[in-house]
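For reference, the structure discussed in these notes is given below.
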Amino acid sequence: MSQITDYSQVSFITVTEASAGQRIDNFLLKELKFLPKTAIYKLLRKGEIRVDKKRIKPTKKLVLGEILRIAPIRDVPEETEVQQAGSRLVAQIEASIILEDDDLIIINKPSGIAVHGGTDNLHGVIEVIRQLRPDLAYIELVHRIDKETSGLLLLAKNRQTLLDLHEAFKTDGISKHYQALVFGNWRGGERRISNHLQRTEGKGPQKMRVSDNEEGKLSESVFSPLAQFENNSLLSVKLLTGRMHQIRTQLAELELPIVGDSKYGDFTLNREFARTNKLKRLFLHAYRVEFKLKHSGKVYRQEISLADDLQTALNHLNNNIKT
């Protein structure tokens with residue numbers, strides 16, 4: 001898509017191949033960088049931004065050849081230069097890059113950093129990478145992981161790679177594994193958990209819940225025990241689907257909440273664990289990924305160790321290990 005410079009007039013943009021398939025809210029966050037996220041969603045809600053003359057939702061995915069109409073934006077700041085991320089954050093993300101080639105960037109994302117910017121965080125991983133690699137014509141997140149979660153995150157450097165990986169996620173062509181430490185004792189060996197998850201209604205932070213019917217989206221994970229402690233279990237989790245908060249919701253439903261989970265966990269247990277084991281965040285880490293890019297035939301197998309703070313917490317538990 002071509003860059004628009006005069007937003008005070010009605011503007012039209014034709015969807016090109018580079019942006020086809022992208023959510024319109026994500027596209028607008030890049031195109032209208034001078035506006036806060038809340039303002040962009042307000043424009044969409046009021047119908048000030050339309051696609052082929054129709055109102056659209058923020059989740060609408062752009063289609064090649066569609067035409068976006070942006071009504072005049074009256075309150076355009078005089079200074080529209082994008083605020084740059086701080087040097088400390090940039091250095092942290094740069095140091096987190098563990099693989100880069102012509103198709104992909106793979107990052108070992110630290111906990112506490114969002115994958116994309118928002119109201120509370122102007123800069124996430126994707127914004128920092130674009131700042132680090134201004135020469136890249138294309139760079140997009142392949143998937144998301146929660147801000148509190150650490151570990152492997154994939155970014156595509158071309159449209160074909162993004163399409164290949166999105167297809168892989170839909171057809172079980174990608175193997176994604178997490179480690180999670182939970183409160184309670186895991187019973188038995190490997191278990192496949194299948195249920196339907198849907199968003200909770202109402203205002204406030206978005207959460208998921210297990211649906212009693214099939215109105216929610218099918219969510220499947222395979223849980224395997226790695227270690228058993230006195231009051232905790234360390235699990236490996238293979239995702240078969242990729243729903244929002246999937247692992248966190250499913251484990252909470254099993255009454256085995258993840259250590260440090262402020263949304264679905266136990267406040268009292270979290271506070272005591274933080275006091276005794278020096279961990280004040282979610283114990284969830286994306287540690288292994290395997291996939292093959294269809295267009296190149298290249299196979300990727302990436303595995304990383306636990307983040308230092310998670311390993312330190314495990315070391316505190318080791319004196320009480322059972323098996």
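See the values below:
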{"item": "Of all residues making up the stretch 120-150, the number that are over 24 Å from E17 (Cβ atoms) and either part of a loop (DSSP other than H, G, I, E, B) or touching a Phe, Trp or Tyr at 6+ places or on another chain (Cβ under 6 Å) (or both)", "result": "10"}
{"item": "Selection status of L155, more than 26 Å from K280 (Cβ to Cβ), outside any loop (DSSP other than H, G, I, E, B) and at pLDDT 95 or above", "result": "yes"}
{"item": "E290 vs. criteria open to solvent by 40 Å² or more (accessible area, probe 1.4 Å), in contact (Cβ under 8 Å) with a residue 60 or more places away in the chain and under 19 Å from Q179 (Cβ atoms)", "result": "yes"}
{"item": "Strands (runs of 3 or more DSSP E) completely within the stretch 203-281 that count 2 or more residues being at pLDDT below 95 and open to solvent by less than 60 Å² (accessible area, probe 1.4 Å)", "result": "208-210, 217-228"}
{"item": "Residue count, the stretch 35-68 (criterion: of a type in the set (V, I, T) and open to solvent by 40 Å² or more (accessible area, probe 1.4 Å))", "result": "4"}
{"item": "Subset of the stretch 97-113 (residues that are over 21 Å from T161 (Cα atoms) and open to solvent by less than 20 Å² (accessible area, probe 1.4 Å))", "result": "I113"}
{"item": "I13 assigned to a helix (DSSP H, G or I) and at negative phi", "result": "no"}
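The values are calculated or read from the model by the stated rules, or taken from the named source; none is laboratory data. Computed from a predicted structure; not experimentally measured. Glycine also receives a Cβ, built like all others from the backbone with ideal geometry; neighbour counts cover every protein chain displayed. When the accessible area is computed, the model is the full protein with side chains, heavy atoms only, and any ligands, DNA or RNA have been set aside. Shrake-Rupley method; radii C 1.70, N 1.55, O 1.52, S 1.80 Å.
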